[in-house]
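The values are calculated or read from the model by the stated rules, or taken from the named source; none is laboratory data. As the structure is a computational prediction, the values presented were derived from the model and not from experiment. Cβ sites come from the backbone with ideal geometry, for glycine too, and all protein chains shown count toward neighbours.
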């Protein structure tokens, strides 16, 4: 069985983990790496991700990727550039990406970008698929499996929990995310708008699958404060300041919630008001004639989660490569693919 020739595009936190997985994957052959940092140019791909030398040097030039004519690019770029993606597709190169813009068959794309990418897929006989963890795994195959048990559906709720107390990133927590601020000065409007854009398309698909299409959306953010002083890995957090944040995206039908995603990020569970803050992971609740309550956590010490969590987003795109290669041309949804599994190595054949 011939290996599929793959290029890893970008080597940030997630991209580095994906690069390592591609190198180790028995059905994939790493033929190139695109990096943004000039200091990484010319460096062996193995050295970039803690592996031994593999004889593939990184490049900063997208033209080098085109010249390699790979079967697929695993794209984890820092910005969305539809023209860049279209160039790859038109050259006959499949693209699997963690970027959210092409999710749900391109439902989030502008009309202009969608037309550009669909035309490129047709000209290159190539496929584009977006996936990751959240949105991705937790808003796609997992809830669909739970919905398959329902006949009288009412509401699907997905909660994401992230305990950041051991995250040693002061700038991220206190500057970017706003932990440790006075609650009155906290501004979460931009984050709420971001969540609305990120999750509404995937949640809408779930509601359609459940037979309750969304008619309107609400997005709301709120904070809770620490009851006592807390010393985090990133530094001190004072009592009375923001210690937990919650953002909810809710889809309604007939004025009643039918689907909801809630992000719960916190630095301590001792907060006011008291919230149900669980271990890092996800909780999915289905309300219907077959009520379900499913919780996913990670059996890893909290201090070690930072080293493990990149795999949550990186592995699924890598595992998807053989299935995307075998799929129809175009902007794909998960319905266009069989279940994505790690042993997903099969002959792609000629399209």
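How many residues, within the range 132-156, are in a loop (DSSP other than H, G, I, E, B) and free of Cβ contacts under 8 Å to residues at least 60 places away in the same chain?
Number of matching residues: 1.
Count, please, the residues in the range 198-239 that happen to be assigned to a helix (DSSP H, G or I) and in contact (Cβ under 8 Å) with a residue 24 or more places away in the chain.
The total comes to 11.
Go over the candidates 54, 104, 74 one by one and state the one that is assigned to a loop (DSSP other than H, G, I, E, B) and either in contact with a strand residue (DSSP E or B) (Cβ under 9 Å, 6 or more places away or on another chain) or assigned by TED's automatic domain parsing to the domain that holds residue 253 (or both). I'd like the intermediate steps shown before the answer.
Working: 104 fails: assigned to a loop (DSSP other than H, G, I, E, B); 74 fails: assigned to a loop (DSSP other than H, G, I, E, B).
Going through 54, 104, 74 in turn, just one is assigned to a loop (DSSP other than H, G, I, E, B) and either in contact with a strand residue (DSSP E or B) (Cβ under 9 Å, 6 or more places away or on another chain) or assigned by TED's automatic domain parsing to the domain that holds residue 253 (or both): 54.
Can you pull out the residues in the range 279-308 that are within 21 Å of residue 165 (Cβ to Cβ) and without any contact (Cβ under 8 Å) to a residue 12 or more places away in the chain?
Selection gives 299, 300, 301, 304, 307, 308.
Out of the residues in the range 107-126 that are at pLDDT 95 or above and outside any helix (DSSP H, G or I), which is surrounded by the fewest Cβ atoms within 10 Å (Cβ to Cβ)?
Residue satisfying both the conditions and the ranking: 125.
Restricting the first residue to the range 6-30 and requiring it to be at positive phi, which pairs with a second residue that is crowded, with 24+ Cβ neighbours inside 10 Å meet a Cβ separation below 6 Å and a spacing of at least six or different chains?
10/76
With respect to the numbered conditions (1) free of Cβ contacts under 8 Å to residues at least 60 places away in the same chain; (2) within 19 Å of the chain's Cα centre (by Cα), which one is the sole condition not fulfilled by residue 161?
(1)
What number of residues within the range 164-194 are under 17 Å from residue 305 (Cβ atoms) and part of a helix (DSSP H, G or I)?
The number of residues fulfilling the criteria is 2.
Go through the range 269-286 and give me each residue that's more than 14 Å from residue 158 (Cα to Cα) and either over 20 Å from the mean Cα position of the chain (by Cα) or assigned to a strand (DSSP E or B) (or both).
Once the filter is applied, which keeps residues that are more than 14 Å from residue 158 (Cα to Cα) and either over 20 Å from the mean Cα position of the chain (by Cα) or assigned to a strand (DSSP E or B) (or both), the range 269-286 yields 269, 270, 271, 272, 273, 274, 275.
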